[in-house]
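Asker: To start, I am sharing the structure in question, which I have written as structure tokens.
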Amino acid sequence: MNFYNPTEGPDERRSPANIPRVFGHHAPVIDSLARRQPLASAANLPDPARFGVFMALWMIVGFVAAYDSYLTIKYCESLHVHELNPVGRWLMGLEWHKPSPDPAGTALFLACKFAGTVVVLGVLILLYRYRERLGLTVAGSLALFQLGLGMFLFFGR
């Protein structure tokens, strides 16, 4: 009798309910073979080309965010002039009439920027893991936006 063909005659040993009893700790592997399904680790491997594109987009988002944070630290004394993000200005406690940013406000701004970047990169990974096409689409959109931001930051206004 063929173990891999469950439709080939009645055989009590081939029943999925009896697989753990018969094969012990090898039951997940044998069960996977008996059902002709790939193992969980093999089934979850992404297509290498799509995964490479996703990782490139993911890294663009991360690198531009890191470069933006670097510029925030480098030009800390002149952030009251250069920072254009209203949420960032609010987090730093900047007003147009203040001569220089509060160091504690800049630290809060950088902490929020870092946390936001980590959350976004994590959500991108989860999106790609569970909804590959949506993950690629969102990562591509974010990477395009980040490339625009990076060009603005690198080449100026």
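Asker: Sort through T137, T106 and tell me the only one that's in contact with a Ser or Thr (Cβ under 9 Å, 6 or more places away or on another chain), in a helix (DSSP H, G or I), over 20 Å from G156 (Cβ atoms) and modelled with pLDDT under 95. Steps first, answer last, please.
Answerer: Values: T137 fails: in contact with a Ser or Thr (Cβ under 9 Å, 6 or more places away or on another chain).
From the options T137, T106, the qualifying one is T106.
Asker: What number of residues in segment 113-136 are aromatic (F, W, Y) and without any contact (Cβ under 8 Å) to a residue 12 or more places away in the chain? Show your work before the answer.
Answerer: At the first step, the residues of segment 113-136 found to be aromatic (F, W, Y) are 114, 128, 130.
Those left that are additionally without any contact (Cβ under 8 Å) to a residue 12 or more places away in the chain: 130.
Looking only at that region, the number is 1.
Asker: Sticking with this one: Under 6 Å by Cβ, and 6 or more places apart or on different chains, what pairs join a residue from segment 54-82 that is in the same structural domain as A111 (by TED's automatic domain parsing) and farther than 18 Å from V118 by Cα with one that is outside any helix (DSSP H, G or I) and aliphatic (A, V, I, L, M)?
Answerer: Once the first residue is in the same structural domain as A111 (by TED's automatic domain parsing) and farther than 18 Å from V118 by Cα and sits in segment 54-82, its partners that are outside any helix (DSSP H, G or I) and aliphatic (A, V, I, L, M) give H80/L94.
Asker: Assess whether L153 counts as being of a type in the set (A, V, I, L, M, F, W, C), under 16 Å from the mean Cα position of the chain (by Cα) and surrounded by 12 or more Cβ atoms within 10 Å (Cβ to Cβ).
Answerer: Details: of a type in the set (A, V, I, L, M, F, W, C): yes; under 16 Å from the mean Cα position of the chain (by Cα): no; surrounded by 12 or more Cβ atoms within 10 Å (Cβ to Cβ): yes.
Spelling it out, it is not the case that L153 is of a type in the set (A, V, I, L, M, F, W, C), under 16 Å from the mean Cα position of the chain (by Cα) and surrounded by 12 or more Cβ atoms within 10 Å (Cβ to Cβ).
Asker: When segment 66-102 is examined, which residues are found to be among the aliphatic types (A, V, I, L, M) and modelled with pLDDT of 75 or more?
Answerer: Here is the first cut: in segment 66-102, the ones among the aliphatic types (A, V, I, L, M) are 66, 71, 73, 79, 81, 84, 87, 91-92, 94.
A66, L71, I73, L79, L84, V87, L91, M92 - these are the residues of segment 66-102 that are among the aliphatic types (A, V, I, L, M) and modelled with pLDDT of 75 or more.
Asker: Also, quick follow-up: Restricting the search to segment 56-75, which residues are touching a Gly at 6+ places or on another chain (Cβ under 9 Å) and hydrophobic (A, V, I, L, M, F, W, C)?
Answerer: Start the filter on segment 56-75 by keeping residues that are touching a Gly at 6+ places or on another chain (Cβ under 9 Å), which leaves 57, 60, 63-65, 67-68, 72.
Answer for segment 56-75, where residues must be touching a Gly at 6+ places or on another chain (Cβ under 9 Å) and hydrophobic (A, V, I, L, M, F, W, C): L57, I60, F63, V64, A65.
The values are calculated or read from the model by the stated rules, or taken from the named source; none is laboratory data. For clarity, every value in this text was computed on a predicted model and none was experimentally measured. No Cβ is skipped: glycine too gets one built from the backbone with ideal geometry, and neighbour counts run over all protein chains shown.
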